[in-house]
Every structure is written in C-alpha cells, then in structure tokens.
Amino acid sequence: MITDGGSDIVVLRYADVLLMLAETQNEQNNIEEARKYLNPVRNRAGLQDSPASTKDEMRAAIALERRLELVGEGHRWFDLLRTGDAVSVMNQWFKDSGVPITVDKHHLLLPVPIGQVNTDPAIVQNPGYY
C-alpha cells in the first residue's frame, strides 16, 4: 500500500492563473487583453488599474505584480528563468550586496545524472559539469 498521497497536492492560485494569462496575452501584443487579467489582481489588493500602455511597460507591471502577489510561494526563480532575467537579476543582487560573484547562463543548468549519460553516448553533459 502506498501512503504518499499527502505530498501530491498542487496549489494553484487564481491570481497566478490570471497573471499567467496576462503575460501570455501581452507577449502576443494583446495589451488590452492583458490588462483585463492584470487589473483584477491589483484591484483585489486595493490597487488602482495598471497605467502600463506599452508591451514593455505591461511586461514590467506583470512581473512586479507576480513578485508582490506570489511572494514566498516559490514562483520567483522560475519566473526569472522563463523570462531570461535570472542572470542579470542575480548579478545585480550580488553587485548591490558587495558579493564578488558573477553568474553566467551555464550556471543555471543542472548536471545530467551520470547514470543517464552512461546509458547513452549521444547524451551530452551540460556545460560546466565535466
């Protein structure tokens, strides 16, 4: 008998869904449609409608709203990876914190398990893990 059912819970908040929809609409240049998904999240939090009027402004507004709305829920890292901002955000944080570390995009990769590499010679290890 398997008793692992308690760890198989997925938490998906409505605000997250709305913000994902806003992001997808904005990336398809449907700024007004994106606004329809972003503003209910802002309004529920007692904020006014977003003043963003361009694709870049809306992208920044959605990113900020995700950061504020979903704080502590484990979304930020994946948002940074998905949007391609992980390296620049991390490097800026290290610089601002006085930490002498520089991150490159190959640092974002995890190693391919050696068991997988050994089973198929066509599988290549990720850069930086040789």
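Since every read-out is calculated from the coordinates, none of them should be taken as a lab result. Worth saying up front: this structure is predicted, and the values here are computed from it rather than measured. Here the Cβ positions follow ideal geometry from the backbone for every residue, glycine too, while neighbour counts run over all protein chains shown.
Computed values, structure above
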quantity: Cβ charges +1 (Lys, Arg) and -1 (Asp, Glu), total dipole of the chain, debye; calculated: 240
quantity: For the stretch 10-83, alpha-carbon Rg and Dmax in angstrom; calculated: 11.4, 34
quantity: Helix-only CD estimate at 222 nm, as mean residue ellipticity for the chain, using -39500 (n - 2.57) per DSSP H run (n ≥ 4); calculated: -16000 deg cm²/dmol
quantity: Two-decimal Rg/Rh across the chain, once Rg and the Kirkwood Rh are taken from alpha-carbon atoms; calculated: 1.09
quantity: Label-point separation in nm, residue 89 to residue 109, each point 7 Å along Cα→Cβ; calculated: 2.2
